[in-house]
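Structure first, commentary second.
Throughout, read-outs are computed from the coordinates displayed, never taken from laboratory work. No experiment lies behind these values; they were computed from the predicted model shown. Positions of Cβ are backbone-derived with ideal geometry, glycine not excepted, and every protein chain shown enters the neighbour counts.
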Amino acid sequence: MTMLHRRTFILGGVAGAGALALTGRAAGAATPFPFKLGVASGEPAATSVVLWTRLAPSPLNADGHGGMPDADVAVDWQVATDQRFGSLVASGTVTARYADAHSVHVVAGGLAPDAEYYYRFRAQGQLSAVGRTRTAPAAGTPGRELTMAFASCAHYEQGYFTAYRRMAEDRPDLVLHLGDYLYEYGPKAGLVRRHVGAETVTLADYRRRHAQYKTDPDLQAAHAVAPWLVVPDDHEVENNYATLVRADSTPALTAAQWTARRTAAYRAYYENMPLRPAQAPVGAGIPLHRRVPWGTLATFHLLDTRQFRDDQACGDGWKVCAAAGTAGRTMTGTAQETWLLDGLARQDATWDILGQQVFFAQQLRTGGTANMDAWDGYRAARGRIQQGWRDRNVRNPVVLTGDIHSAWANDLKADYAGASSAVVGTELVCTSISSGGDGTADTAVPYQAANPHLRFFSDRRGYTLTTIGRTELRADFRAVPVVTEHGAAATTLKSFVVLDGRPGLQEL
Ligand code: FE
Ligand code: CA
């Protein structure tokens, strides 16, 4: 069957439009399965959600096109209220373009608020897996209690993605991914898996690396279970970069080549994530900071702490650095900081949740050294934001963090140097999915004497599961004992609640 005939058949099938019309061809068909990267959904609003897939029958091909021909392909999509697609509520056909590496971002609209749905795709006569998704509550209503899991840092070589699998089994309503979704490095020997290709530099490299990660069945399960909200950190481009400044010079790149690399990384990120078209890259940048309302229950303020930050003060790493305290330093850029504070002033919801990347609370180590890549390297910016939410009487500010491959729970203090200073907010830090390998059973908070507001630590891999209601936000720190072997069970290491109107952690 030629491409032309097949396409006619597919579009004809959709024109027939019965609920069961979206049938795949019999097994053994000549066309290789195009949905090897799975399906995803994201950016839930009250009446719409983004549906994502990318066609790639040979995901690891070096050209980044996943074995697809230089031609556009029609992709049918369906949304139903049941897993068997007996009651369709939305459907259509979208074009997967060669220029977009055959990725599609469907904004499925006309949905009911605070409702669960199932979706699937068909292309080249074959059906995708079925994904589950949901919408946010209507404006002005709290909706149901929200189960939200958040995660970060999934190094493909350093461990299996068991934690993603366990997260999927918890069946959250919503997943937040706070960055290091993938790593740019070339392959390293002696680990459980191997990156395909050298360190990612070109668009083809990033597309292929995204494809390799997306072939992981545990990651696919986590995408298929719930809509995601994603914000990248550094490794989606390169380790610890700050705006246009690189943290290392390997491989050697001219300024123009570095800009081209960053542009390619952002483009591949957009292509491979369930983002709205509003987040598509523009020029060398990508507009990622955004607000996602969840009725009157929660507002998610998703921050971008890489693209607009000042360079790390005194260089990267743990330093004693007076320059890190300079008044004008910024982590988010002025425009994003103003946007954040304006959004916090609205008081639209019980919980104001800041989804961001790097450690927010003060954390001092030997001799007063601090992490220059985290908010300790941008102390004035942290102070402006904390004071900003206090000035605006923000009821329940909760900061969510990834990046550091360990779990933490922190009280945020008006003045970190003052032992009796007020607790003004809460920070929950998820550990990594796999980065760093198995970790240890250690739960002693490092340097706690110097940082009494840091209340919990774990060196295990896992994720954080939150249950968000009108009177309290509960956080369960979930962990797996091993990621260098398949199949570990997850356990809850520790739970806290944050009570409405009372900043800081309550131990359970
Ligand atoms: Fe990481
Ligand atoms: Ca990172």
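Peptide packing for 489-497, 114-122 was compared via the average number of neighbouring C-beta atoms within 10 Å per residue; ordered from the highest value, the list is 114-122, 489-497.
Subtracting the Cα-Cα distance of Glu169 and Gln347 from 0.36 nm times their residue separation leaves 60.8 nm of extension gain. Distances between placed amide hydrogens fall under 5 Å for Arg290 paired with Leu302, all partners being 5 or more residues away or on another chain. Spin-label model, Cys314 to Thr338: label points 7 Å out along the Cα-to-beta-carbon direction sit 3.2 nm apart. Within the straight-line cut-off of under 27 Å between alpha carbons, the lysines reachable from Lys36 are Lys188, Lys214, sequence neighbours fewer than 8 places apart in one chain being disregarded.
Taking 0.36 nm per residue of separation and subtracting the Cα-Cα distance, what length does fully extending Lys188 through Thr254 add? It would help to have the intermediate numbers written out before the result.
Values: separation 66, 0.36 × 66 = 23.76 nm, distance 2.56 nm.
Stretched fully, the Lys188-Thr254 segment lengthens by 21.2 nm.
Each residue, Glu145 and Ala450, gets one label point 7 Å from its Cα in the Cβ direction; the gap between the two is 4.0 nm.
Cα centroid separation, the range 139-157 to the range 370-420: 21 Å. Bridging of Lys319 to lysines at a Cα separation below 26 Å is possible for Lys413, once same-chain residues fewer than 8 apart are set aside.
In plain terms, the residue of Thr215, Thr366, Thr466, Thr259 with the fewest other Cβ atoms within 10 Å comes first and the most crowded comes last, giving Thr366, Thr259, Thr215, Thr466. When shorter helices are ignored and each DSSP H run of at least 4 residues is given -39500 (n - 2.57), the per-residue value for the chain at 222 nm works out to -5500 deg cm²/dmol.
3J(HN,Hα) couplings calculated from phi for the range 143-153 with the Karplus curve 6.51 cos²θ - 1.76 cosθ + 1.60 (θ = phi - 60°) are, in sequence order, x, 7, 3, 10, 9, 10, 9, 10, 8, 7, 6 Hz; Gly and Pro show x. Distance between the 7 Å Cα→Cβ label points at Arg291 and Asp500: 2.0 nm.
Would you mind putting 42-53, 390-401, 279-290 in packing order, based on average other-beta-carbon counts within 10 Å, highest first?
Values: 42-53: 23.7, 390-401: 19.6, 279-290: 16.7.
In decreasing order of mean packing, 42-53, 390-401, 279-290 become 42-53, 390-401, 279-290.
The phi-based Karplus calculation (6.51 cos²θ - 1.76 cosθ + 1.60; θ = phi - 60°) puts the 3J(HN,Hα) values of the range 102-107 at 6, 8, 10, 10, 8, 8 Hz, whole numbers, x for Gly and Pro.
Can you give the FRET efficiency for Thr366 and Ala323, using 1/(1 + (r/R0)^6), R0 = 22 Å, r = Cβ-Cβ distance, to the nearest 0.05? Provide the component values of the computation, followed by the final result.
Details: r = 20 Å, r/R0 = 0.90.
Computed FRET efficiency for Thr366 and Ala323: 0.65.
Multiplying the residue separation of Ser87 and Ala112 by 0.36 nm and removing their Cα-Cα distance gives an extension gain of 7.6 nm. Backbone amide hydrogens, once placed in the peptide plane, bring Leu412 within less than 5 Å of Val424, Gly425, Thr426, Glu427, excluding anything fewer than 5 places away on its chain. Going by neighbour counts of Cβ atoms within 10 Å, the residues Cys314, Cys430, Cys321, Cys153 line up, fewest first, as Cys314, Cys321, Cys153, Cys430. Sequentially through the range 320-328, phi angles give Karplus couplings (6.51, -1.76, 1.60; θ = phi - 60°) of 8, 8, 4, 5, 5, x, 4, 4, x Hz, Gly and Pro residues having no value and appearing as x. Counted by neighbouring Cβ atoms within 10 Å, the residues Ser58, Ser87, Ser128 run from fewest to most as Ser87, Ser58, Ser128.
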